[in-house]
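Written below as structure tokens is the structure these notes are about.
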Amino acid sequence: MKQMNEEILRKIPAINSLLNEEEIKKLIEVYPKKLVLYFLREEIDRIREEMIAGKRDGIDKKEILENVKKKTLPSLKRVINGVGIILHTGLGRAPYCKNIKESLSELLEGFCNLEINEENGRRGSRMRHIEKLLIALTGAEAGLVCNNNAAATYLILKALAEGKEVIISRGELIEIGGSFRLPDVMRAAGVILREVGTTNRTHLRDYEEAINENTALILKVHKSNYQIVGFTKEVPIEELAKLGEKYKIPVVDDLGSGAFIDFSQYGLPKEPVVKESIEKGASLVCFSGDKLLGGPQAGIIVGKKEYIKKLASHPIMRILRIDKTRLAILENTLRLFFDEERLLKEHEVIKMILKKEEEIKKMAKKVYNALKDKKEKYQLGIISGESEIGGGSLPGVKLKTYLLKIKDKNVETLARRLREGKIPIYGRIEKDSLLLDFRTIREEEIKLLIKGLKEVLN
Ligand SMILES: *Cc1c(COP(=O)(O)O)cnc(C)c1O
């Protein structure tokens, strides 16, 4: 046994010889040598263990070099989203607006005035960079931002209702992706869940009957990733707001996707608009920064000053706060909403939602034409289909689109090679074809996409 191990170990190339390989030399020119060495050792250790365990006998130097390269290149990278889901959490949710890069470049160098009161030079609040904008856009008295909307919900429950009862309709006890289940969040925040109504129907009297001296909050949650159809009833926010006023209980509207514009003006179904919820009397409204708003990951809360104050001064807020980069991206995203013309040109999410079918078809054709020589081998074709908005925004809405169809017997392998390519490309698999949806592919990415496809489709 010992002898066999020694024999195996002798087969493994020495680190020094690998360092002389052209691929490794190239990596070291760009990335720290220590990092390359770390991954080289990791690869060799792995192979040695596999050999000793009898899981392999030969050594493939090419495999080592390829793996080291894969590990050394930056891990978080831009990808082309041909999946056809605009707000795809796996692909980073909302793509940033066009104006962000330029407005951030200066901030990324050196220090900034994150928490300074410029008038007196003392410590200030980081919220002031965005609060005025939120107030102007939503009509609320005050606003703040924290890590994400899950955090916003938690903060609200913890700061306003810990140890007390929170009333919520049985039809709104949601679970959204990534293990966010409302009852669990409530438990974690230490509030007592008081479910009312039934799955399909909840009446105002159900809420009213549940109110007692221990009630701290009424919570309404937007059904973002499901629909209840048929014999249904939910209580609109304006009625809940009136009820809350009568009993002096805050009413919170968790809108999830948080639309700042009314999408029904473009022929889409109505998604609740933050401003309207405030107008209808919600004490607080919370929503994500990286869904329909098209900003960074964030949880935004707007509403009555007395409650925002309580949230801002709660110790949990310190744990949930966001950093300067995200604040800057949020500030610049919010600013776009004051200029409708620019908004429609620079807001990537809104642009993708409103993208015209002809435009999508044109893009698909461009790529199809550029790949003419692959037409037969991959039975390329342009087909019509549907895209989704995703992220629990405008649930159930299907947007007409065009897709490039790439047929391959080993479609799973093709999809993986495209994901792992120099220009990572993501599509969706349907039977034996990979589909690339041109609603979520940006005009600026067409050239890259063609290049990436040419490299992999050979
Ligand atoms: C998406 C969503 C959340 C969670 O928001 P994150 O920003 O992902 O934490 C909470 N509530 C509703 C209704 C949502 O749609």
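Odds and ends about this structure:
- Residue by residue, segment 97-114 carries 3J(HN,Hα) couplings of 6, 5, 6, 5, 4, 5, 6, 8, 4, 6, 4, 6, 9, x, 8, 8, 8, 3 Hz when phi is fed to the Karplus relation 6.51 cos²θ - 1.76 cosθ + 1.60 (θ = phi - 60°); x denotes Gly or Pro.
- Distance between the modelled labels on Lys324 and Asn369, one decimal in nanometres: 4.8 nm (7 Å Cα→Cβ projection).
- Long-range tail of P(r) for the chain (Cα pairs > 37 Å, %): 42
- Relative to one another, the C-alpha centroids of segment 225-261 and segment 291-312 are positioned 17 Å apart.
- Take 48-59, 362-373 and order them by the average number of nearby Cβ atoms within 10 Å per residue, most first; the result is 362-373, 48-59.
- Computed [θ] at 222 nm, helices only, for the chain once each DSSP H run of length n ≥ 4 contributes -39500 (n - 2.57): -12000 deg cm²/dmol
- Segment 88-129: trypsin sites (Lys or Arg not before Pro) in DSSP coil with no more than 14 other Cβ atoms inside 10 Å: Arg122
- Shape category assigned to segment 181-227 from the gyration tensor of Cα positions, a/c cut at 1.5: oblate
- Theoretical gain in end-to-end length, Glu63 to Arg181 [0.36 nm per residue, Cα-Cα removed]: 38.2 nm
- Label-reachable residues, segment 364-399, where backbone N falls under 11 Å from a point 7 Å from Lys407's Cα toward its Cβ: 376-381
- The aspartates and glutamates whose alpha-carbon is closer than 13 Å to the alpha-carbon of Lys454, local same-chain residues fewer than 8 away aside, are Asp373.
- Summarising the label geometry, the points placed 7 Å from Cα in the beta-carbon direction at Lys132 and Arg428 lie 4.3 nm from one another.
- Rounded to 5, percent antiparallel among DSSP beta bridges of segment 99-346: 40
- Helix 324-336 vs. the chain, principal-axis angle (Cα, 0 to 90°, nearest 10): 70
- Computed from Cα positions, the angle between helix 149-161 and the longest principal axis of the chain comes to roughly 30 degrees.
- The chain: angle of helix 128-138 to the longest principal axis, Cα-based, in degrees nearest 10: 60
- Euclidean distance between Cα centres, segment 183-213 to segment 1-57, Å: 59
- Placing a label point 7 Å from the Cα of Glu115 along the Cα-to-Cβ direction, the residues of segment 131-148 whose backbone N falls under 20 Å of that point are 131-132, 143-148.
- What separates the Cα centres of segment 407-431 and segment 72-103 is a distance of 18 Å.
- The chain - share of DSSP beta bridges that are antiparallel (%, nearest 5): 55
No value in this document is a laboratory result; all are computed from the given coordinates. Not measured: the values here are computed from a predicted model. Cβ atoms come from the backbone with ideal geometry, glycine included; neighbour counts cover every protein chain shown.
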